[in-house]
Each structure stands twice: as structure tokens, then as C-alpha cells.
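Coordinate-derived values only; no laboratory data. Note that this is a predicted model, so its numbers are computed, not measured. Ideal geometry is used to build each Cβ from the backbone, glycine not excepted, and the neighbour counts take in all protein chains shown.
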Amino acid sequence: MGAKEKYEGHAAEQSQKLHDWLKVRFNLNDVKSDGSNRTKVDLIGQTSKSTLFYSCKNVSGCNTQIHLTSLEALQKALDMPSNIYETFRRWFGSHNEILFETWKSELSVQLSNTEQRRHRIHSNNLTNWNSVLDWLNQNTSNKKLIKLLIQNLNPNEHLKNVNYMIWIHKLQHTIKIIDVEKLIDYISVNCIWMNSVVERGKYTTLWLVDTNTGQRIMHLQMKGSGNKLGDYHGAMFHIHDNWPPGVLIEEESNFYI
């Protein structure tokens, strides 16, 4: 996510018009911006009886980034087994050229120019890849992965779970409210991770697909832009504007910030 998008996102979170809109829709006494990058919460709403937590997405397309992390942080958060970690490490790639050459020496295949340029190995050249998909699907059905991505960065801290996602489309001027708990419940039962069905991303991108509709709910890929000594090889998750039945609870057009 670029600096411009971050600035616009923070501006949306602090918009008095948005705060007033939420006060009416949820009968809130007060709304304030959270302002922390260590939580999924962007806005906090207070009623006379309870506190509600919101994440806010200010988008210009049909999907947006929801989580960017190092593989090491993902391993720690989800107790990732060492064999899954090692396969994922090759798929996301490394800044370390010597390590990458070691990975290459273990293979009996010639890597593509793209793989060698990006210091990564595509999934078709990883023998343990089906185990990775199985692990992702297990951690989706038990809700641990999805909760981490859209509800709470700390699985042991339940007091600040995101209740609702605000989806503002800044070009179409629409606002949507998604019930996060209902979305998590739906995904855990009805969605699976699979290789991208698009040829270009077949071995480099994973899709979380709604088995009832065939629609893509999320996708995962290596962050392939930015400083190659920074988070270039990070795990980058996106969420799509394809909401299952009962999850989208409010929608309004002609919404301008």
C-alpha cells in the first residue's frame, strides 16, 4: 500500500461525516479513531451499553490489502509447523542469495527466469505444496487464520475484536457495512484455499474461494514491490468485495467524504 493510499485511508477514518453516519446507523454516542497500527481496529464506537469496534477500508477497486506480514510473524501467530514454514519460505522467497542458491541445488528442475530474478520458487516446483494448502484450509475451518486477518492481531486478546468492517468505495461513492463475525463463520464452513485458476498467477497466488458461488473472497501472494530489503518477500493478503449472503448488513450510495 502506497503513501497516498495510507494518507487517504487515515483521512477517511477521521472523517466527521463518517463518524456521524455511524452514530445514526448504530445509535452511537461517540466515535473516535483508534490510530494504532498494532490492531485491526480503526474506529471505536460507544453506545450507552457497549463498545463496538470497526475496521475501515477506503478502496478504489474490487479488492484491498488486509494483512501484510513476515512469514516468521505468521508462523508464530498460527503455530505453523516447520515443514509448512520451510515450504512457504521457498514460495515467498528470500533476500538472501546464498540461501536461494541452496534451495535451487535441492531441486531437479530448472527454475524460470522469473523465479531466479525474484529469488523464489513457484508452487509447481515444491513437492510439499498440497500440505501447505491442507494446513491453510485447516486453519481456516478452525477460524484462526481468518480471525487474524480481519478481526484481531492477537488471538489471545478478545476484548478488541473487530465487530464490523466499513467498506468505502471512493470512486463509486458507496459505503457498505460487513458483519465480521458472520463473515468469519461463513468462511470457516464454505470457503477453501486453492491455487489461482488464472494462468498468470497459477503457481504464485492462492485464492480463498466460496464453494457455493465460485467467487474469490481473499487472495494471498508474495509482496513483489517496494524495497527489496524490506517487506518485498512478505505474505500479502487481499480481501474482495464479494460478500456472502447475510454478511452485508448495510449499503448506501451517494456517500462522499
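Annotations
- Taking a sphere under 13 Å around the Cβ of residue 114 and counting the other residues whose Cβ falls inside, with K and R at +1 and D and E at -1, yields a net charge of +4.
- The stretch between residue 211 and residue 62, if pulled fully straight at 0.36 nm per residue, gains 51.7 nm over its current Cα-Cα span.
- Residue-wise HN-Hα coupling along the stretch 101-107, computed from phi with Karplus coefficients 6.51, -1.76, 1.60 (Hz; x: Gly, Pro): 5, 5, 4, 4, 5, 7, 9
- Computed over the alpha-carbon pairs of the stretch 3-252, the distance histogram in 5 Å steps reads 1, 6, 13, 17, 18, 16, 12, 9, 5, 3, 1, 1, 0 percent, short to long.
- Exposed-loop-free span, longest in the chain, where GluC sites (Glu not before Pro) count as exposed if DSSP calls them loop and at most 11 other C-beta atoms lie within 10 Å: 1-105
- Rounded to 0.05, the FRET efficiency of the residue 249 and residue 109 pair, given R0 = 51 Å and the Cβ-Cβ distance, is 0.55.
- Where labels lie 7 Å past Cα in the beta-carbon direction, separation of residue 23 and residue 76 in nm: 4.0
- Label-point separation, residue 134 to residue 39 (7 Å along Cα→Cβ), nm: 3.9
- Amide H contacts under 5 Å for residue 67: 237, restricted to partners 5 or more places along the chain or on a different chain, H placed in the peptide plane at 1.01 Å from N.
- Gained length - residue 49 relative to residue 157, 0.36 nm times residue gap less alpha-carbon distance: 36.8 nm
- For the stretch 77-86, backbone phi angles converted through the Karplus equation (6.51, -1.76, 1.60; θ = phi - 60°) give residue-by-residue couplings of 5, 10, 6, 5, x, 5, 5, 5, 4, 5 Hz, Gly and Pro being listed as x.
- In the chain, excluding the sites themselves, the longest stretch lacking any of the trypsin sites (Lys or Arg not before Pro) that are in a DSSP loop with at most 11 other Cβ atoms within 10 Å is 50-257.
- Under-5 Å amide H pairs with residue 42, H placed in peptide plane, nonlocal only: 54, 55, 56
- Angstrom value of the Kirkwood radius, inverse mean 1/r, which spans all Cα pairs in the stretch 205-245: 11.4
- Over 22 Å between alpha carbons, listed pairs 76/182; 40/182; 17/160: 76/182; 17/160
- Estimated D of the stretch 22-139 in µm² per second, where Rh is the Kirkwood radius over Cα pairs and Stokes-Einstein applies at 25 °C, 0.890 mPa s: 137
- Amide hydrogen neighbours beyond the local backbone of residue 215, cut-off 5 Å, H modeled: 210
- Cross-link partners of residue 104 among aspartates and glutamates (Cα-Cα below 14 Å; sequence separation of 8 or more within a chain): 86, 115
- Note on the chain: helix-only mean residue ellipticity at 222 nm, from DSSP H runs of 4+ residues weighted -39500 (n - 2.57) and normalised by residue number, equals -10000 deg cm²/dmol.
- Taking other residues whose beta carbon is less than 12 angstrom from the beta carbon of residue 138, and scoring Lys, Arg as +1 and Asp, Glu as -1, yields 0.
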